[in-house]
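A.B. asks: Pasting a structure below so you can have a look.
The values are calculated or read from the model by the stated rules, or taken from the named source; none is laboratory data. Bear in mind that the values here come from a model prediction, so they are computed numbers and not experimental data. In this analysis, Cβ positions are derived from the backbone assuming ideal geometry, glycine residues included, and neighbour counts consider all displayed protein chains. These accessible areas exclude ligands, DNA and RNA; they are computed on the full protein's heavy atoms, side chains included. Shrake-Rupley method; radii C 1.70, N 1.55, O 1.52, S 1.80 Å.
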Amino acid sequence: MHVTSLSFFRYTFGITFVRQKKVLHPFPDIPVMKQFIIFSLISAFCLIFNSLDARIITANQDKLPPPVQNFIATHFPSLRITIIKIDSDPKQHYEVLLSNGYSIIFPKRGNWTSIDGSTENIPASFLPENIGKYLDSIHASDKICAIKRDKSSYEISLDNGSRLYFNKKGVLDESE
């Protein structure tokens with residue numbers, strides 16, 4: 001190794017080297033820094049490919065829990081399921097892609113948490129009645145692009161760029 005390489009390691013990583021007469025390297029023809037970079041790249045690829053195995057991808061509707069199947073059959077009867085992505089982590093969730101481009105996310109128990117309509121209008125039929133009435137009266141000409149919900153609220157994104165926030169009872173909290 002060159003003196004500059006040793007200086008780089010010494011000042012950057014605080015490593016000091018003791019010169020030995022015989023050093024065994026797994027690849028003696030490749031410089032140590034290149035070995036480190038190659039090892040880092042191989043490790044990164046292993047981590048990436050390992051994380052890809054964490055999802056099960058299928059189109060078999062039987063892999064979905066009954067509440068998810070019922071929701072899709074009730075609110076989207078004319079659409080077919082194209083892809084189902086199932087996470088294998090402890091907080092397992094299902095991402096269902098429908099034939100018109102909708103992406104619906106269901107947690108393990110089967111109640112939807114997110115619907116992304118992309119450029120398609122999402123029907124308001126499964127929202128609380130108050131929210132549906134508000135959207136019909138105030139935003140009748142706007143399309144619903146995305147809906148997110150949690151335990152206490154709904155967030156609705158419209159095609160005009162505005163976002164509406166409702167509480168669980170369907171009362172408007174704020175809009176952006």
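A.B. asks: At a probe radius of 1.4 Å, what is the per-residue accessible area of E174, in Å² to the nearest 10?
C.D. replies: 100
A.B. asks: Next up: What accessible surface, in Å², does a 1.4 Å probe find on R80, ignoring ligands, DNA and RNA and rounding to the nearest 10?
C.D. replies: 150
A.B. asks: Further question on the same structure: Got a number for the accessible area of D142? Probe 1.4 Å, square angstrom, nearest 10.
C.D. replies: 40
A.B. asks: Within the set of other residues whose C-beta is less than 14 Å from the C-beta of L135, count the net charge using Lys and Arg as +1 and Asp and Glu as -1.
C.D. replies: -2
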